[in-house]
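Here is the structure we will look at.
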Amino acid sequence: MGRFDAAATAAQEALRALDGLDDAEARRLRVRIDITRAWSELEVDGLGRALRTLHRARREARRARSPFLEALSHVQEGVVHVRVGDWAAALAALDAVPDDAPLDPSQRCALFINRGLAHVGRADIPEATAALETARDIAAEHGLVDQEFKARHNLACLAFVDGDLPKALGRMREADRMEATVSRDRARLDHAEVLLEAGLVDDARSALTDALVHAQADRHRLEVGEISLRLARCDLLAGDLGSARAHALTAQAVLRSRQAAELVREAAMVRMTIDVVEGTRVEAVVADLTRRNVRVTDDSPAGRAAVRLEAEARLALGDPDAAEARLAVVGAGRDSLAATLHESLVRARIALARGLPEEAERHFVEGNRILAAHQFLSSSLDVRAAMALHGRRLSSSDVERALAGGDAADVVRTVERWRAVSHRINPVTTSSDPELTALTRELRRLRRLLGDSDGAAAEALAAQVAALEPQIADREWSLAAEGSADGAAAPLRADELRAAAAAAGARLVGLFESRGTVHAAVVTGDSLAVHPLGPVADLVALVLRLRRDLRARAVLAPSSPMTAALARATASSVRALDAAFEGLWGGDGRVVVVPSGSLAAVPWSLLPSLRGRPVTVAPSLTRWVRGPARRSVPATEVAGALYGPGLVRTGPEVRAVLAAWHGGDPGDRPDPGPASSHDVVDALGRARVVHLAAHGTHEAQSPLFSSVRMADGPLFAHELPRPVAAEHVTLAACDVGQFSTRAGDEPLGLSIALLSLGACAVLAAVAPVADDAAHDAMVAYHRALARGADAAQAWAGVVEHQPDAGVFCLYGSDWAATHPVGDGAVVGLR
């Protein structure tokens, strides 16, 4: 028996105990029991039964001439309507409570909390703020911890509706710290909603899946329906239409059984959205939405969303005039990022259907601007990257439009518009956060202990690590950006890119994906061209084949009988991948490549057609030309070199690197010993050039937990200075050159994090590399840099003599010392 079934049974037993009693006190007790049990009846029998019970209770309260019980029945009716998302009915019930109603502080808190929630649902920020702050203050004054928790949590939900995701997450964390005894299930669902709005779909889905298991076990039917509805929205945002439809059907069935009409309509909206995206049942969708939108006269977020969807459906039926007419009735109001971008998408498609490409592009550009503005609000690299998921349909349509037009300059401009949007806004800056520092320090301690443990101790430590990582991520997500978004920059136009390519003598190659095909946009000083390369799946298979060979080769001992065979297999895999790019790189000279998400792990310098050529891998062509959006932290030292434990020849390596920049004999320098994570953070905050030799790990599912192992444990991307002072960073560590690409072409990983935080260029490996090879390559590289070679040229020279070093890639922008070391040891951008 579930909790609500038990409550309903207990209420029936209490009423039976009053059988035969008809005095005034017994009648008042029956009313109180009816008011209380309406909540469990909502869950067990549905809205209709709960409302009938409350209306009967109100009649009896009037007969008993009890203003208190009558007011309490209105409060509970408001609570019930809030639970099923009927905001207008909730406000009507709550506003029926007189100002002088004889409610105690706890009941007055319930009144204002639910009044605030109803206003939150209608996106009425001033009214919601006033009600929830009143509830919070009453609760705090009277020591009502549970009610204060609810009020504070709902103020977090209000910040979410107001579009301030960092504030919403921060307020939720503050409320969660309170020692309240109420169930946190509802708060966790709200937290998942905020994560979904931030584009953190996997995290939201994980939280919702866990909540669904508990709700099913406890037989909380209404919660099962609401969680299923939110899972459907997760799937829809992620593009998994099959799962979205299954969850929406479950939600509709369960919510209909509880007569939760508003939530049933929301589930129907998800189903109809899927139909429109798939192009199925579109006529039926238009008919359903027309009937709904004629009935719905409020200008709520849900009402505006229904009108937008109807417009998109009418457009799919080939009627842009009717679509525009429907959009004309959409009023101004507070909408989510997803809703705002959806309107940009529909308006752009209407313009395309009318043969107005310039007007369509204006809508695409405006959607892109709105996305960048939302990304800037967060200081979280993860949130900035994840938020681009909301622009996926908009960016895909924009790229498809450009490809269909056949204008190479337009294709280049369009791809750059959507490529790594977060790299065009100011680098992440925020004050040092003590809580994040403490949490990360504890994670480092646990990870270090885990590496030295086995058996039951290792299992216990692994469980602690698994519990701590989400806390760190959640804290990082809640940090707000400091400063102004005025520095957000537009992407470069094709003519500007051609001028930059001519000035650098470079061939710029931007790889992007559209409708399952990889395309290449090639820019040189005197030409622009766009080429289809082939199916994404085929290129991914070639990359995976090469990565398997490189990883297998790295773990073989030199004396292994498999060495020669594996070397031949690796060479074959390299040639096969190189052939996929045949003719793309031109004859000679510098190459800048911007990989698509599926090609993020390609070791470009290993390809025979790029051997000996300066190659830079950039998040976008705009980022390569401009460098970081803003540099505000001056370096105070020329170079720093550090190493972690467990590697051979790293001591001599860092001494040689330091000697390259500072002069002198490497042998005369003392061995500094393995560095701590603090040493690395300090170096990144003060030196222009930082070299780090350590074991590295790339976490594909949680890229900001990618790390390098230092003397006190792993240093995570979460801990990097914000911003960094270092202009050029070399990471002599396996795998940390890899990055995961979020939907929306937003790359994320340790090396990309350094670029996001203000570094100009980062050298890092996309595969394992032997210690000896890394030592020799890094020393030669830094000596060339110190003599004045630019980074791409210096690395090309190293790889030409040490081909195995080709697993390293140079990321970001071109960089060089302003003056050779012999001319004053001054380094900087050139």
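The values are calculated or read from the model by the stated rules, or taken from the named source; none is laboratory data. What you see is a predicted model, and the numbers here were worked out from it, not measured in a lab. Heads up, the Cβs are rebuilt from the backbone with ideal geometry, glycines too, and the neighbour counts pull from every protein chain shown. Remember, those area values only see protein heavy atoms, side chains included, never the ligands or the DNA or RNA. Shrake-Rupley method; radii C 1.70, N 1.55, O 1.52, S 1.80 Å.
So the check is Cβ under 8 Å with 6+ separation or different chains; which pairs have a first residue in region 439-462 that's surrounded by 15 or more Cβ atoms within 10 Å (Cβ to Cβ) and a second one that's among the β-branched types (Val, Ile, Thr) and modelled with pLDDT under 85?
Once the first residue is surrounded by 15 or more Cβ atoms within 10 Å (Cβ to Cβ) and sits in region 439-462, its partners that are among the β-branched types (Val, Ile, Thr) and modelled with pLDDT under 85 give Leu439/Ile472; Thr440/Ile472; Leu443/Ile472.
Name the pairs whose Cβ atoms lie under 7 Å apart, with the first residue in region 508-523 and more than 18 Å from Gly406 (Cβ to Cβ), the second surrounded by fewer than 20 Cβ atoms within 10 Å (Cβ to Cβ) and among the hydroxyl-bearing types (Ser, Thr, Tyr), and 6 or more positions between them or separate chains?
Glu513/Ser598
Please specify each residue of region 667-678 satisfying the condition of being surrounded by 16 or more Cβ atoms within 10 Å (Cβ to Cβ) and either over 39 Å from the mean Cα position of the chain (by Cα) or touching a residue at least 60 places away in the same chain (Cβ under 8 Å) (or both).
Pass one, region 667-678, residues surrounded by 16 or more Cβ atoms within 10 Å (Cβ to Cβ): 669, 674-677.
Once the filter is applied, which keeps residues that are surrounded by 16 or more Cβ atoms within 10 Å (Cβ to Cβ) and either over 39 Å from the mean Cα position of the chain (by Cα) or touching a residue at least 60 places away in the same chain (Cβ under 8 Å) (or both), region 667-678 yields Arg669, Ser677.
For region 692-807, which fully contained strands (runs of 3 or more DSSP E) count at least 1 residues that are touching a Phe, Trp or Tyr at 6+ places or on another chain (Cβ under 8 Å)? Can you show your working first?
Numbers: elements: 707-710, 713-716, 728-732, 740-742, 746-748, 761-765.
It comes to 707-710, 713-716, 728-732, 746-748, 761-765.
So in region 680-717, with the set limited to residues that are among the acidic types (Asp, Glu) and at pLDDT 90 or above, which one is nearest to Leu750 (Cα to Cα)?
So in region 680-717, the residues among the acidic types (Asp, Glu) come out as 682, 699, 712.
Next, from what is left, pick out any that are at pLDDT 90 or above: 682, 712.
Numbers: Asp682: 17, Asp712: 19 Å.
Within region 680-717, the match that is nearest to Leu750 (Cα to Cα) is Asp682.
Quickly run through region 325-340 and pick out the residues that are in contact with a Lys or Arg (Cβ under 8 Å, 6 or more places away or on another chain) and part of a helix (DSSP H, G or I). It would help to see each step written out before you state the result.
Step one: of region 325-340, the residues in contact with a Lys or Arg (Cβ under 8 Å, 6 or more places away or on another chain) are 326-327, 330-331, 333, 335, 339.
Of everything in region 325-340, those that are in contact with a Lys or Arg (Cβ under 8 Å, 6 or more places away or on another chain) and part of a helix (DSSP H, G or I) turn out to be Arg326, Leu327, Ala339.
Could you check, for region 563-577, whether at least one of its residues is within 30 Å of Leu497 (Cβ to Cβ) and without any contact (Cβ under 8 Å) to a residue 24 or more places away in the chain? Step through it out loud before you land on a result.
Here is the first cut: in region 563-577, the residues within 30 Å of Leu497 (Cβ to Cβ) are 574, 577.
Adding the requirement that they be without any contact (Cβ under 8 Å) to a residue 24 or more places away in the chain leaves none.
Scanning region 563-577 turns up no residue that is within 30 Å of Leu497 (Cβ to Cβ) and without any contact (Cβ under 8 Å) to a residue 24 or more places away in the chain.
Please specify each residue of region 495-539 satisfying the condition of being assigned to a helix (DSSP H, G or I), small (Gly, Ala, Ser) and over 29 Å from the mean Cα position of the chain (by Cα). If you could, list the steps in order and put the result at the bottom.
So the first thing to find is which residues in region 495-539 are assigned to a helix (DSSP H, G or I), and the list is 495-504, 536-539.
Remaining after also requiring small (Gly, Ala, Ser): 499-504, 537.
Once the filter is applied, which keeps residues that are assigned to a helix (DSSP H, G or I), small (Gly, Ala, Ser) and over 29 Å from the mean Cα position of the chain (by Cα), region 495-539 yields Ala499, Ala500, Ala501, Ala502, Ala503, Ala504.
Which of the residues belonging to region 163-174 are within 19 Å of Thr134 (Cα to Cα) and surrounded by fewer than 21 Cβ atoms within 10 Å (Cβ to Cβ)? Can you show your working first?
Going residue by residue through region 163-174, those that are within 19 Å of Thr134 (Cα to Cα) are 168, 171-172, 174.
Glu174, the sole residue that qualifies.
Would you check if there is a residue in region 343-365 being part of a loop (DSSP other than H, G, I, E, B) and hydroxyl-bearing (Ser, Thr, Tyr)?
No, there is no match, as no residue in region 343-365 is part of a loop (DSSP other than H, G, I, E, B) and hydroxyl-bearing (Ser, Thr, Tyr).
Anything in region 549-584 that is in a loop (DSSP other than H, G, I, E, B) and open to solvent by less than 10 Å² (accessible area, probe 1.4 Å)? List them, or say none. Lay out the reasoning, then the answer.
Quick first cut of region 549-584, residues in a loop (DSSP other than H, G, I, E, B) only: 556-562, 581-584.
Within region 549-584, Phe581, Leu584 qualify.
Only one of Ala204, Ala180, Ala248, Ala156 is at pLDDT 90 or above, outside any helix (DSSP H, G or I) and open to solvent by less than 30 Å² (accessible area, probe 1.4 Å); which?
Ala180
Is it the case that some residue within region 142-160 is more than 30 Å from Pro470 (Cβ to Cβ) and touching a Phe, Trp or Tyr at 6+ places or on another chain (Cβ under 9 Å)? Write out each step before concluding.
The initial filter retains those residues of region 142-160 that are more than 30 Å from Pro470 (Cβ to Cβ), namely 142-143.
Right, trim to touching a Phe, Trp or Tyr at 6+ places or on another chain (Cβ under 9 Å) and you get none.
Scanning region 142-160 turns up no residue that is more than 30 Å from Pro470 (Cβ to Cβ) and touching a Phe, Trp or Tyr at 6+ places or on another chain (Cβ under 9 Å).
Could you check how many residues of region 35-64 are open to solvent by 20 Å² or more (accessible area, probe 1.4 Å), within 40 Å of the chain's Cα centre (by Cα) and within 17 Å of Ala14 (Cα to Cα)?
Going through region 35-64 one residue at a time, the tally reaches 1.
Give me the pairs: first residue in region 637-656 and farther than 12 Å from Ala733 by Cα and β-branched (Val, Ile, Thr), second residue in a loop (DSSP other than H, G, I, E, B) and open to solvent by 20 Å² or more (accessible area, probe 1.4 Å), beta-carbon distance under 8 Å, and six or more apart or on different chains, which are they?
Within 8 Å, the pairs are Val638/Ala825; Val638/Val826; Val654/Pro672.
Hey, any hits in region 104-127 for a residue that's assigned to a helix (DSSP H, G or I), open to solvent by 30 Å² or more (accessible area, probe 1.4 Å), out of contact with any helix residue (DSSP H, G or I) (no Cβ under 8 Å at 6 or more places or on another chain) and not acidic (Asp, Glu)?
Looking through region 104-127, at least one residue is assigned to a helix (DSSP H, G or I), open to solvent by 30 Å² or more (accessible area, probe 1.4 Å), out of contact with any helix residue (DSSP H, G or I) (no Cβ under 8 Å at 6 or more places or on another chain) and not acidic (Asp, Glu).
For region 266-286, does any single residue satisfy the condition of being without any contact (Cβ under 8 Å) to a residue 24 or more places away in the chain, surrounded by fewer than 16 Cβ atoms within 10 Å (Cβ to Cβ) and at negative phi?
So far as region 266-286 goes, yes, one or more of its residues are without any contact (Cβ under 8 Å) to a residue 24 or more places away in the chain, surrounded by fewer than 16 Cβ atoms within 10 Å (Cβ to Cβ) and at negative phi.
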